[in-house]
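*Asks:* Take this structure first; my questions come after.
The values are calculated or read from the model by the stated rules, or taken from the named source; none is laboratory data. Every value quoted in this text rests on a predicted model; they were computed, and no experiment measured them. With ideal geometry, Cβ positions are generated from the backbone for all residues, glycine too; neighbour counts draw on all protein chains shown.
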Ligand SMILES: [Zn+2]
């Protein structure tokens, strides 16, 4: 039943499950413990590059930050040029994104949001994001009736899964802790965004998606608001390189999420490079792996490459 198309266990070729005691209250959610692990419906996580994930159970599909169009911006070669034109390639999206019930937007930057209007129109999925994210999407002709505004704190039930939303922050850069394309919050629909600099961050959110025992926690940017997510107990934590301005970013995120059974690196590829090739590292996922191994030896670190997937149950 479990399909493991790719199980790279970084470095040693063996699973990174070191000895040591389970930390805290244990890693499973209460509902998982009640259900018994074998009864939990499996969920396949497929990486579409950047922070784009398809989470698919037998009954439902959730997309996080589905962005696959990819056009060169120089993001990891000196910094993204804000004047870069936004490109959306429907044929590329059609190739990689089949169906979706729900699309979760973590923030408004192009590498998270630019394909969402097309994905929403084609799939009919509910789209969750902040007021600013939704106004950006409206300006790019996303279907109004599908846009659900959230601000953090919500817990919603869908058919086959729940989504809990948490207020968060984007990672900072430079000595003055600036946020890329921070712009201003948009209380109304702006002119149609043409360049990537028009796609402002618009607030950042994190999400816990629970498919009835198997759950995923995702932050689209490398920052952690520890008090907001205290007590969250995902099965799988997506963790990205970065967070250099946040002391003990990796360790605090692991602590806040109860040292989850599985950690999957995300947003570590150079997204100027093709999605159809193995990921070209832009962030140091090996450093993330080593910090996870040190801080959370019971967690299994699972590296998933472009367009590969792993089944969690
Ligand atoms: Zn961003």
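*Asks:* Here are 242, 231: which of them is surrounded by fewer than 24 Cβ atoms within 10 Å (Cβ to Cβ), within 15 Å of the chain's Cα centre (by Cα) and on the phi > 0 side of the Ramachandran plot? Write out each step before concluding.
*Replies:* Working: 231 fails: within 15 Å of the chain's Cα centre (by Cα).
The unique qualifying residue is 242.
*Asks:* Which one is modelled with the lowest pLDDT among residues in region 144-169 that are touching a strand residue (DSSP E or B) at 6+ places or on another chain (Cβ under 6 Å) and in a loop (DSSP other than H, G, I, E, B)?
*Replies:* Per the criteria, the residue is 169.
*Asks:* Looking at 170, 112, which is the one that is closer than 30 Å to residue 41 by Cα and within 15 Å of the ligand (Cβ to nearest atom)?
*Replies:* Working: 170 fails: closer than 30 Å to residue 41 by Cα.
Answer to the selection: 112.
*Asks:* In region 173-192, what count of residues is obtained for those that are under 20 Å from residue 80 (Cα atoms) and out of contact with any helix residue (DSSP H, G or I) (no Cβ under 6 Å at 6 or more places or on another chain)?
*Replies:* 11
*Asks:* Of all residues in region 270-305, count the ones that are loosely packed, with under 15 Cβ neighbours inside 10 Å and assigned to a loop (DSSP other than H, G, I, E, B). Explain how you work it out, then say what you get.
*Replies:* Taking region 270-305 as the starting set, the residues that turn out to be loosely packed, with under 15 Cβ neighbours inside 10 Å are 274, 276-278, 280, 284, 287, 294.
Filter once more, keeping what is assigned to a loop (DSSP other than H, G, I, E, B): 274, 276-278, 280, 284.
Of the residues in that region, 6 qualify.
*Asks:* Same structure again: Here's a check for you: in region 178-204, which residue that is over 20 Å from the mean Cα position of the chain (by Cα) and part of a strand (DSSP E or B) is nearest to the ligand (Cβ to nearest atom)?
*Replies:* Just the residues of region 178-204 that are over 20 Å from the mean Cα position of the chain (by Cα), to begin with: 178, 183-195, 197-198.
Imposing the further condition that a residue be part of a strand (DSSP E or B) reduces the set to 178, 195.
Numbers: 178: 12, 195: 15 Å.
Top of the filtered list is 178.
*Asks:* Hey, another quick one. Would you point out the residue of region 216-232, among those that are in contact with a helix residue (DSSP H, G or I) (Cβ under 8 Å, 6 or more places away or on another chain) and touching a residue at least 40 places away in the same chain (Cβ under 8 Å), that is nearest to the ligand (Cβ to nearest atom)?
*Replies:* By that ranking, first place goes to 220.
*Asks:* What single numbered condition from (1) more than 23 Å from residue 246 (Cα to Cα); (2) away from the ligand (no atom under 16 Å from the Cβ); (3) not in a strand (DSSP E or B) fails to hold for residue 133?
*Replies:* With respect to (1) more than 23 Å from residue 246 (Cα to Cα); (2) away from the ligand (no atom under 16 Å from the Cβ); (3) not in a strand (DSSP E or B), residue 133 is out only on (2).
*Asks:* On to the next question. Which is touching a strand residue (DSSP E or B) at 6+ places or on another chain (Cβ under 9 Å) and within 30 Å of residue 91 (Cβ to Cβ), of 253, 275?
*Replies:* Working: 253 fails: within 30 Å of residue 91 (Cβ to Cβ).
Every option except 275 fails the conditions.
*Asks:* Looking at residue 184, is it surrounded by 14 or more Cβ atoms within 10 Å (Cβ to Cβ) and modelled with pLDDT under 95? Write out each step before concluding.
*Replies:* Working: surrounded by 14 or more Cβ atoms within 10 Å (Cβ to Cβ): no; modelled with pLDDT under 95: yes.
So residue 184 does not fit the description; no.
*Asks:* Counting only residues that are without any contact (Cβ under 8 Å) to a residue 40 or more places away in the chain and in a loop (DSSP other than H, G, I, E, B), how many does region 255-269 have?
*Replies:* 1
*Asks:* Of 114, 172, which residue is at pLDDT 95 or above and under 19 Å from the mean Cα position of the chain (by Cα)? Steps first, please.
*Replies:* Values: 172 fails: at pLDDT 95 or above.
None of the others qualify; the one that does is 114.
*Asks:* Follow-up. State all residues of region 59-87 that are under 15 Å from residue 48 (Cα atoms) and in contact with a helix residue (DSSP H, G or I) (Cβ under 8 Å, 6 or more places away or on another chain); if no residue qualifies, say none.
*Replies:* Quick first cut of region 59-87, residues under 15 Å from residue 48 (Cα atoms) only: 61-71.
63, 65, 66, 67, 68, 69, 70, listed by residue number.
*Asks:* Taking residue 236 as the residue in question, decide whether it is more than 16 Å from the ligand (Cβ to nearest atom), more than 21 Å from residue 173 (Cβ to Cβ) and in contact with a helix residue (DSSP H, G or I) (Cβ under 7 Å, 6 or more places away or on another chain). I'd like the intermediate steps shown before the answer.
*Replies:* Details: more than 16 Å from the ligand (Cβ to nearest atom): yes; more than 21 Å from residue 173 (Cβ to Cβ): yes; in contact with a helix residue (DSSP H, G or I) (Cβ under 7 Å, 6 or more places away or on another chain): no.
No: the conditions fail for residue 236.
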